[in-house]
Amino acid sequence: MSNYERCENMKIGICDDSVIFCEDLKAIVDTYCAETGISADIIIYHSGEALLEDTVPCDILFLDIELGDVTGIEILKRMKENHLPTTVLVVTSFPQYIDEAMDYAILRYIQKPVEAGRVFRALDSALERMDERYIVLRDIRTRSMHKVAFKDIVYAETKMRKVLVHTKTGTYVLREGFREFKNKLKASFFAEPHYSYIVNMNYIKCFKRTEIIMDVGEEDKKINVSSDKQHSLRKKYYRFLGEE
């Protein structure tokens, strides 16, 4: 588990010393987020040092190799040393560095000038990688630790200042803030229908404007959809299903 703070939305970083390039790439990423219903803070770093000084690691990072102060390779090295949970997409005009960058498990290499379609596909791959992550849960009832895959979480809710995490095989009770817990669930299939719930859209059995029915096994779970979340949830769920 990381000791770093987490931002509320997914954090996507762009590290490049070209102001124009950063703005152009940010516009592409903004479009992707709007079309997919992804909530993300897009942060631009115009130097390697600015990126390294940020104490909140990016979930996804577009990284240039040729920077004025610190090379992209050095940044990758430091990120590996600090075990940062960042999915890196290298964007550069210098392919001779790619072999060395691959030693640090970058996800993709995107050659400049970038094309929107290629950026979209790279982000799709990055989200797929994030979907495969897991979380460690400390159950206060049994005082035990459990490694749970994101995909196995059906939904979570907050009750009596505790977090109840409902999975395919059982329920875990945590003593932590619900907002803090939600910030750890960085996967594309999670959605928030209500301030007291977060759900895995893979388990939505029925979707209505004001409520959703979760498939939790023998007994379905009905969850109300807050009025201020109805539009965004419907858009995100239709996108998840591949519908316009």
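Do you know which residues across the stretch 189-219 are touching a strand residue (DSSP E or B) at 6+ places or on another chain (Cβ under 7 Å), exposed (fewer than 12 other Cβ atoms within 10 Å of the Cβ) and assigned to a loop (DSSP other than H, G, I, E, B)?
Across the stretch 189-219, the qualifying residue is only Thr210.
Which members of the stretch 48-83 meet the condition of being of a type in the set (A, V, I, L, M, F, W, C), in contact (Cβ under 8 Å) with a residue 40 or more places away in the chain and surrounded by 15 or more Cβ atoms within 10 Å (Cβ to Cβ)? I'd like the intermediate steps shown before the answer.
So the first thing to find is which residues in the stretch 48-83 are of a type in the set (A, V, I, L, M, F, W, C), and the list is 50-52, 56, 58, 60-63, 65, 67, 70, 73, 75-76, 79.
With the extra rule that they be in contact (Cβ under 8 Å) with a residue 40 or more places away in the chain, the set shrinks to 56, 58, 60-63, 67, 75.
Residues satisfying the conditions are Cys58, Ile60, Leu61, Phe62, Leu63, Leu67, Ile75.
Would you check which residues across the stretch 177-221 are of a type in the set (S, T, N, Q) and under 23 Å from Tyr134 (Cα atoms) and list them?
Matches in the stretch 177-221: Asn183, Ser188, Ser196, Asn200, Asn202.
If Lys184 meets every condition in (1) modelled with pLDDT under 95; (2) farther than 26 Å from Thr87 by Cα; (3) charged (D, E, K, R) apart from one, which number is that one?
With respect to (1) modelled with pLDDT under 95; (2) farther than 26 Å from Thr87 by Cα; (3) charged (D, E, K, R), Lys184 is out only on (2).
Among Glu74, Glu100, Glu81, Glu115, which is out of contact with any Ser or Thr (no Cβ under 9 Å at 6 or more places or on another chain) and closer than 24 Å to Tyr32 by Cα?
Glu115
Could you tell me how many of the residues in the stretch 68-87 are among the hydrophobic types (A, V, I, L, M, F, W, C) and modelled with pLDDT of 85 or more?
Step one: list which residues in the stretch 68-87 are among the hydrophobic types (A, V, I, L, M, F, W, C), which gives 70, 73, 75-76, 79, 84.
Filter once more, so that each one left must be modelled with pLDDT of 85 or more: 73, 75-76, 79.
The qualifying residues number 4.
Could you say which residue among Lys112, Lys11 is farther than 28 Å from Glu132 by Cβ and either surrounded by fewer than 15 Cβ atoms within 10 Å (Cβ to Cβ) or touching a residue at least 24 places away in the same chain (Cβ under 8 Å) (or both)?
After applying the criteria, what remains is Lys112.
Could you check, for the stretch 87-97, whether at least one of its residues is surrounded by fewer than 16 Cβ atoms within 10 Å (Cβ to Cβ) and either under 30 Å from Phe178 (Cα atoms) or in contact with a helix residue (DSSP H, G or I) (Cβ under 9 Å, 6 or more places away or on another chain) (or both)?
Scanning the stretch 87-97, I find no residue that is surrounded by fewer than 16 Cβ atoms within 10 Å (Cβ to Cβ) and either under 30 Å from Phe178 (Cα atoms) or in contact with a helix residue (DSSP H, G or I) (Cβ under 9 Å, 6 or more places away or on another chain) (or both), so the answer is no.
Considering only the stretch 222-237, I want to know if a residue exists there that is surrounded by 15 or more Cβ atoms within 10 Å (Cβ to Cβ), within 17 Å of Met130 (Cβ to Cβ) and not assigned by TED's automatic domain parsing to the domain that holds Thr36.
Taking every residue of the stretch 222-237 in turn, at least one turns out to be surrounded by 15 or more Cβ atoms within 10 Å (Cβ to Cβ), within 17 Å of Met130 (Cβ to Cβ) and not assigned by TED's automatic domain parsing to the domain that holds Thr36.
Confirm whether Lys186 is without any contact (Cβ under 8 Å) to a residue 60 or more places away in the chain, on the phi < 0 side of the Ramachandran plot and not in a strand (DSSP E or B).
For Lys186, the condition - without any contact (Cβ under 8 Å) to a residue 60 or more places away in the chain, on the phi < 0 side of the Ramachandran plot and not in a strand (DSSP E or B) - is not met.
Answer yes if at least one residue in the stretch 19-29 is at pLDDT below 90 and surrounded by 14 or more Cβ atoms within 10 Å (Cβ to Cβ), and no otherwise.
no
The values are calculated or read from the model by the stated rules, or taken from the named source; none is laboratory data. This is a predicted model, so every value here is computed, not measured. Cβ coordinates were reconstructed from backbone atoms using ideal geometry, including for glycine residues, and neighbour counts include every protein chain displayed.
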